[in-house]
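*Asks:* Please find one structure pasted underneath; my questions will follow.
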Amino acid sequence: MASSVTDGDGPQKEESASGVSSGSSSKAGLQRNNEDEGAVEMIRRYLAEKLGFYEDKKKEVSEGKAKVLTEASVDGVIKYIQDGNCKNVITMAGAGISTSAGIPDFRSPGSGLYHNLEKYKLPDPQAIFEIGFFQRNPQPFFTLAKELYPGSFKPTTSHYFIRLLNEKGLLRRHYTQNIDTLERVAGLPAEKIVEAHGTFHTSHCLECKQEYEIEWMKEQIFSDSVPTCEKCNGVVKPDIVFFGENLPTRFFSCNEKDFSKCDLLIILGSSLAVQPFASLIDRVPKECPRLLINREKAGQRDRLMTLLGMGSGMDFDSDDNFRDVAWLGDCDEGCQMLSDKLGWGDELSTLVKEEHARIDKEKKEEASKRKIKYPSEKKRAESKNH
Ligand code: CNA
């Protein structure tokens, strides 16, 4: 569903130890490591200065140029928002904001899609989202699409939190890797959304490029057929971005304008393992606070690059971190926690309740219409129940 993946291991693993090996608890061992660190620091500065990459963050912070949070913590971010410092919040989301709706992500061990694709007998799990494989064998994708079809799920608290950010006049744009359309269902206006990996909202014939609407695609998928073009008989594919395809032009045109203006970046439910989406985190201004809400740390800077004072990515744990905050846990809980602290907690939970009730009602009405339109579906449903 995207153009490339940074590496098969996903996000950088956290550094597990201080650098002292298990057998080196002696004083000599410690000193040796300290000496090594001193030497590395000297080389780091020398190289970074020569190459023009050296950023003296402590100096910038002490001069008050860079530090915008009173503390690099959730409370620091809350204070920053409450003090009226941000009007251009960008949210970046991944599959983790939709798992509580019942849509599996890719990489979560056990529940993630990549762990549950055996029945499709694929050469490898990613093949189901690779354009070359799809062109040769589209059936596995459409079987999976039926299982995960958008419209069968309700947006989560996280989706409504993003809508609330917009209604409070704080949201510049929401960038999503998800193709489930739940941001639209949650009522976020289309102009606020960048669907970086495309959407099920429209589809096109791979041969003659004829466009089809979501309702047409839904009919095809639910009748268990591979959708073919009414004009030329080519295979019709939903406009989601497969590995090996380009991202939508809107992704590039919007991020050019948006990220330099960003005054708070919130990343929700993503392993930040898919490029070029993942590297958007480095397009915000240097002082811009970045808050990650995820079950695990993601997008962290490579350790060697950190030592060299170069590179990009999140920097949660270093002494001179002044803007990156990780809140580890479930997205919905994190969004509710943020809303509570901002004084919008009740508004968010009421919004979720009311919207879910509205969607349930609409689905019931739609289901009874379908029963009238497709009596065979009704019979099938009845015989299933007996
Ligand atoms: P991913 O690589 O599967 O990572 C998901 C991340 O979210 C992991 O770090 C998880 O630990 C974390 N996570 C899962 N559930 C929760 C939760 N409830 N609360 C907090 N954290 C959670 O998925 P990414 O989105 O990073 O990767 C991008 C891929 C996934 C894109 O190409 C998408 O198109 C694709 N995808 C989208 C959907 C969808 O549309 N809902 C579903 C599955 C995959």
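*Asks:* So, restricting to strands (runs of 3 or more DSSP E) that lie completely within the stretch 157-272, which ones have at least 1 residues that are among the hydrophobic types (A, V, I, L, M, F, W, C)?
*Replies:* 171-176, 193-195, 198-205, 236-240, 264-268
*Asks:* Within the stretch 203-219, track down each residue that is modelled with pLDDT of 90 or more and in contact with a Phe, Trp or Tyr (Cβ under 8 Å, 6 or more places away or on another chain).
*Replies:* Selection gives SER203, HIS204, CYS205, MET217, LYS218.
*Asks:* Restricting to the stretch 250-260, and then to whatever is free of Cβ contacts under 8 Å to residues at least 12 places away in the same chain and either touching a Ser or Thr at 6+ places or on another chain (Cβ under 9 Å) or under 22 Å from ILE179 (Cβ atoms) (or both), can you tell me which residue is surrounded by the most Cβ atoms within 10 Å (Cβ to Cβ)?
*Replies:* Going through the qualifying residues, I end up with PHE252.
*Asks:* I would also like to ask the following. Taking only the stretch 328-347 into account, find how many residues are surrounded by 16 or more Cβ atoms within 10 Å (Cβ to Cβ), assigned to a helix (DSSP H, G or I) and away from the ligand (no atom under 16 Å from the Cβ).
*Replies:* Matching residues across the stretch 328-347 total 2.
*Asks:* Consider only pairs whose beta carbons are under 8 Å apart and that are at least six residues apart or on different chains; among these, list those whose first residue lies in the stretch 275-290 and is more than 17 Å from ASP263 (Cα to Cα) and whose second residue is surrounded by 14 or more Cβ atoms within 10 Å (Cβ to Cβ) and among the β-branched types (Val, Ile, Thr).
*Replies:* Short answer, once both residue conditions are applied: GLN275/VAL5; GLN275/THR6; ALA278/THR6.
*Asks:* Filter the stretch 66-109 down to residues that are within 30 Å of LYS146 (Cα to Cα), assigned to a loop (DSSP other than H, G, I, E, B), open to solvent by 40 Å² or more (accessible area, probe 1.4 Å) and in contact (Cβ under 8 Å) with a residue 60 or more places away in the chain, then give me how many there are.
*Replies:* Of the residues in the stretch 66-109, 1 are within 30 Å of LYS146 (Cα to Cα), assigned to a loop (DSSP other than H, G, I, E, B), open to solvent by 40 Å² or more (accessible area, probe 1.4 Å) and in contact (Cβ under 8 Å) with a residue 60 or more places away in the chain.
*Asks:* If only one of LEU206, LEU247 is surrounded by 14 or more Cβ atoms within 10 Å (Cβ to Cβ) and away from the ligand (no atom under 16 Å from the Cβ), which one is it?
*Replies:* LEU206
*Asks:* Right, another one. Quick check on ASP263: is it away from the ligand (no atom under 16 Å from the Cβ), within 18 Å of the chain's Cα centre (by Cα) and either open to solvent by less than 40 Å² (accessible area, probe 1.4 Å) or within 19 Å of THR176 (Cβ to Cβ) (or both)?
*Replies:* no
The values are calculated or read from the model by the stated rules, or taken from the named source; none is laboratory data. Computed from a prediction, not measured in an experiment: that's the story for all the values here. Please note: Cβ atoms are built from the backbone with ideal geometry, for glycine as well, and neighbour counts cover all protein chains shown. Areas reflect the complete protein model, heavy atoms only, side chains present, ligands, DNA and RNA absent. Shrake-Rupley method; radii C 1.70, N 1.55, O 1.52, S 1.80 Å.
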